[in-house]
Amino acid sequence: MKPIIFLLLGSAGIFAGEAISGAVEKQPLNMSAIIMFLIFVGATLAITYWAAKRTKTAKDFYTAGGGITGFQNGMAIAGDYMSAASFLGISALVYGQGYDGLIYSIGFLVGWPIILFMVAEQLRNLGKYTFADVASYRLRQMPIRTLAAFGSILTVVLYLIAQMVGAGKLIQLLFGLDYEIAVILVGVLMILYVTFGGMLATTWVQIIKAFLLLSGATFMAIAVMAHYNFNFESLFATAVQMKDVSIMSPGKLVSDPISAISLGIALMFGTAGLPHILMRFFTVSDAKEARKSVFYATGFIGYFYILTFIIGFGAIVLVFQNPQYLDLAKQAVDGGYPILGGDNMAAIHLSHAVGGDFFLGFISAVAFATILAVVSGLTLAGASAISHDLYASVIKKGKTDGLMEMKVSKIATIVLGIVAIFLGIIFEDQNIAFMVGLAFAIAASANFPILFLSMYWSKLTTRGALLGGSLGLLTAAVLVILGPTVWVDVLGNAQAIFPYKYPALFSVSAAFIGIWFFSITDSSDEAAKEREAFEAQYVRAQTGIGAEGALEH
Amino acid sequence: MKQEMVDRIKNDPDFTQLVRVRSKFAWTLTIVMLVIYFGFVLTIAFDPSILGTPLSSGSVTTVGIPVGIGVILSAFILTGIYVRRANGEFDELTRRIKDKAKGE
């Protein structure tokens, strides 16, 4: 029997919703959107100027001085998570496949409680600037930091490419700007925010954007519900008339148990291994604020996913079959009801349907702002891995001062920004749908197991973490390449060598088993010392004694 | 942290109490979340028609809608339960441990 190739969201898999790809058509210049976007840029640059004056030390640069409140941080974390691709992608998924969109978004949410219960407090109590601080707390700095930094940079770059390409396409669609100009604009603004304003500016840009996005989405959802007297049954009934009854039940998104479990693991552990998310826990003063951050973040993200579900259905009733948004040229060739710019534009057209040109401009500007905020957070995390982990700890072996480290960090930001612009342009016409999935797989299979076991397992040694973590990383990368998303969709082979789209079940297991095996068989003197050091680390992780407090004024 | 301080904290009954109670609580909530989520997706994987059943005869709203929204709410509620207890009981214990560790 032919192995079942899991038909998830066409062929690119669940993470495709996180990446806007494929050919798009440039739209005419959208003036109201451009004006609103310019207001946003002006305001955020003013914040950057304000933040730059307050960013004097490395601690300011990496953690905004550690004085962000739980509520603010929760909003910023939610902002990191609510990318333009997830706003447009999830509502497009609901628009296209109904209930499957809800299943998809739930997967992205359930990692948060686990992060709270298992890692948030310990992370705050043990770390300083990056998650590698925690992973290498009692292990040898050189190898562990190198591996952690490598995992971070890889995750960040993959994510960044997906965001940059998405940005270019989206801006072409929304604003009518050229792809290259859009990508360069995003790259330059991101470099400005991060190099001058550091974490403080990045956090506030993220908070403002999260507020705008949640407000805009709330307005859209209320406007849709008002059409139906706030009665879900009549909204769904109309949507079913427009499409068919299948949109109300699970479709092809999750079709077999192995994929379901593997996907769940990738989403949960992957979220808990994303460097730009983990870094946010160092911006609050203590474990209490770290906890509150997750509580608020979970609330905002959950609320956002419920809104996107309503928005998706709203688009079915108000955009689908609406001649105003129909791509007539495409309909003449393919039939059906294709909308202008493709399904990813469902939420954008809906904003026009419920709020006219002005609101369309607002939502377009918010979508652009969202991209900017997310790429800034990613770049800061990547730059920190380069300056704090590789430069200060590995190359200089801790013998450097904060100012020099900060300087390296700023240089790294500029370099990463330029690299992101180039990669964004190179990958314009490539199939990049696998990249976010790969980023999650690597985060789940390399970053998370090392972090988790360093916190909880006293017998962990450098050798175990290094070999097991590398094994997880390699397994994830190789299985993604041999799987359907790269082997078939990108390389054009007829049949995948590895049948599953989500390798996490296998690669995460490989990492945990590898770390366990190479740790328990490690009988070196150094390993014995590392095991002994667990006790002191554990006391600190549990109580926060010795952890860095907020900036003293 | 000096070794003697580590030893002192480790032998503090409040510390033992904190670690025991908090780990148990955190693991319990983790398992609840895992059971809810994997219960949800595995139901879909094994028999999608369960969630596709209409809520009542004649309605188009399916069982899956309240269940899905319920999973989202459960994630939020579980984090709320944890934060509430941690910010009260656990932080109080931690404060006592810290005071004792610093006091002597």
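Consider segment A:131-143. How many of its residues are more than 17 Å from A:Glu532 (Cβ to Cβ), out of contact with any Asp or Glu (no Cβ under 6 Å at 6 or more places or on another chain) and crowded, with 24+ Cβ neighbours inside 10 Å?
Selection size over segment A:131-143: 3.
Among the residues of segment A:302-316, is any in a helix (DSSP H, G or I), more than 14 Å from every other protein chain (Cβ to nearest Cβ) and surrounded by fewer than 18 Cβ atoms within 10 Å (Cβ to Cβ)?
no
Quick check, is B:Phe46 of a type in the set (Phe, Trp, Tyr) and buried (at least 18 other Cβ atoms within 10 Å of the Cβ)?
Details: of a type in the set (Phe, Trp, Tyr): yes; buried (at least 18 other Cβ atoms within 10 Å of the Cβ): no.
Here the answer is no, as B:Phe46 does not meet what is asked.
With the condition kept exactly as written, say whether any residue in segment A:233-244 is part of a helix (DSSP H, G or I), touching a Lys or Arg at 6+ places or on another chain (Cβ under 7 Å) and of a type in the set (A, V, I, L, M, F, W, C).
Within segment A:233-244, not a single residue is part of a helix (DSSP H, G or I), touching a Lys or Arg at 6+ places or on another chain (Cβ under 7 Å) and of a type in the set (A, V, I, L, M, F, W, C).
From the list B:Val35, B:Val67, exactly one residue is at pLDDT 95 or above and out of contact with any helix residue (DSSP H, G or I) (no Cβ under 9 Å at 6 or more places or on another chain). Which is it?
That would be B:Val35, the only listed residue that is at pLDDT 95 or above and out of contact with any helix residue (DSSP H, G or I) (no Cβ under 9 Å at 6 or more places or on another chain).
Hey, among A:Ser523, A:Ser507, A:Ser519, which residue is more than 20 Å from A:Ala120 (Cα to Cα), among the small types (Gly, Ala, Ser) and out of contact with any helix residue (DSSP H, G or I) (no Cβ under 7 Å at 6 or more places or on another chain)? Spell out how you get there, then give the answer.
Details: A:Ser507 fails: out of contact with any helix residue (DSSP H, G or I) (no Cβ under 7 Å at 6 or more places or on another chain); A:Ser519 fails: out of contact with any helix residue (DSSP H, G or I) (no Cβ under 7 Å at 6 or more places or on another chain).
Testing whether each residue is more than 20 Å from A:Ala120 (Cα to Cα), among the small types (Gly, Ala, Ser) and out of contact with any helix residue (DSSP H, G or I) (no Cβ under 7 Å at 6 or more places or on another chain) leaves just A:Ser523.
Look through A:Val490, A:Val508 and report the one residue that is on the phi < 0 side of the Ramachandran plot, part of a helix (DSSP H, G or I) and either under 30 Å from the mean Cα position of the chain (by Cα) or touching a residue at least 60 places away in the same chain (Cβ under 8 Å) (or both).
Numbers: A:Val490 fails: part of a helix (DSSP H, G or I).
The unique qualifying residue is A:Val508.
Quick check: is even one residue across segment A:513-531 under 30 Å from A:Ala290 (Cα atoms), touching a Leu at 6+ places or on another chain (Cβ under 9 Å), within 12 Å of another protein chain (Cβ to nearest Cβ) and in a helix (DSSP H, G or I)?
No, the conditions are met nowhere in segment A:513-531.
Does at least one position in segment A:423-430 carry a residue that is closer than 28 Å to A:Ile171 by Cβ, modelled with pLDDT of 90 or more and buried (at least 24 other Cβ atoms within 10 Å of the Cβ)?
Yes, segment A:423-430 contains a residue that is closer than 28 Å to A:Ile171 by Cβ, modelled with pLDDT of 90 or more and buried (at least 24 other Cβ atoms within 10 Å of the Cβ).
Against the definition (within 14 Å of chain B (Cβ to nearest Cβ), charged (D, E, K, R) and in contact with a helix residue (DSSP H, G or I) (Cβ under 7 Å, 6 or more places away or on another chain)), how does A:Lys243 come out, yes or no? Write out each step before concluding.
Details: within 14 Å of chain B (Cβ to nearest Cβ): yes; charged (D, E, K, R): yes; in contact with a helix residue (DSSP H, G or I) (Cβ under 7 Å, 6 or more places away or on another chain): yes.
Taking the combined requirement at face value, the residue satisfies it.
Test A:Gly514 against the stated conditions and say whether it is without any contact (Cβ under 8 Å) to a residue 40 or more places away in the chain, out of contact with any Asp or Glu (no Cβ under 9 Å at 6 or more places or on another chain) and not polar (S, T, N, Q).
no
So which residues in segment A:399-414 are more than 20 Å from the chain's Cα centre (by Cα) and under 11 Å from A:Thr195 (Cβ atoms), if there are any at all?
Passing the criteria: A:Met406, A:Lys407, A:Ser409, A:Lys410, A:Ile411, A:Ala412, A:Ile414.
Could you tell me which residue of segment B:35-50 is nearest to the chain's Cα centre (by Cα), considering only residues that are of a type outside the set (Val, Ile, Thr) and more than 8 Å from chain A (Cβ to nearest Cβ)?
Looking at the filtered set, the residue picked out is B:Gly39.
I'm trying to understand the selection: among the residues of segment B:64-86, which are at the interface with another protein chain (Cβ under 9 Å from one of its Cβ atoms) and either touching a strand residue (DSSP E or B) at 6+ places or on another chain (Cβ under 6 Å) or in contact (Cβ under 8 Å) with a residue 12 or more places away in the chain (or both)?
Of everything in segment B:64-86, those that are at the interface with another protein chain (Cβ under 9 Å from one of its Cβ atoms) and either touching a strand residue (DSSP E or B) at 6+ places or on another chain (Cβ under 6 Å) or in contact (Cβ under 8 Å) with a residue 12 or more places away in the chain (or both) turn out to be B:Gly64, B:Gly68, B:Val71, B:Ser74, B:Ala75, B:Leu78, B:Tyr82, B:Ala86.
Of the residues B:Lys2, B:Lys10, only one is more than 26 Å from A:Ala266 (Cβ to Cβ), facing chain A (nearest Cβ under 8 Å) and surrounded by fewer than 18 Cβ atoms within 10 Å (Cβ to Cβ); which?
Going through B:Lys2, B:Lys10 in turn, just one is more than 26 Å from A:Ala266 (Cβ to Cβ), facing chain A (nearest Cβ under 8 Å) and surrounded by fewer than 18 Cβ atoms within 10 Å (Cβ to Cβ): B:Lys10.
Out of segment A:106-147, which residues are within 9 Å of chain B (Cβ to nearest Cβ) and aromatic (Phe, Trp, Tyr)?
A:Trp112, A:Phe117
Just give me the residues in segment A:434-470 being within 20 Å of the chain's Cα centre (by Cα) and of a type in the set (S, T, N, Q), in sequence order.
Hits for segment A:434-470 are A:Ser445, A:Asn447.
The values are calculated or read from the model by the stated rules, or taken from the named source; none is laboratory data. Note that the structure is a prediction, hence the values are computed from the model and not measured. No Cβ is skipped: glycine too gets one built from the backbone with ideal geometry, and neighbour counts run over all protein chains shown.
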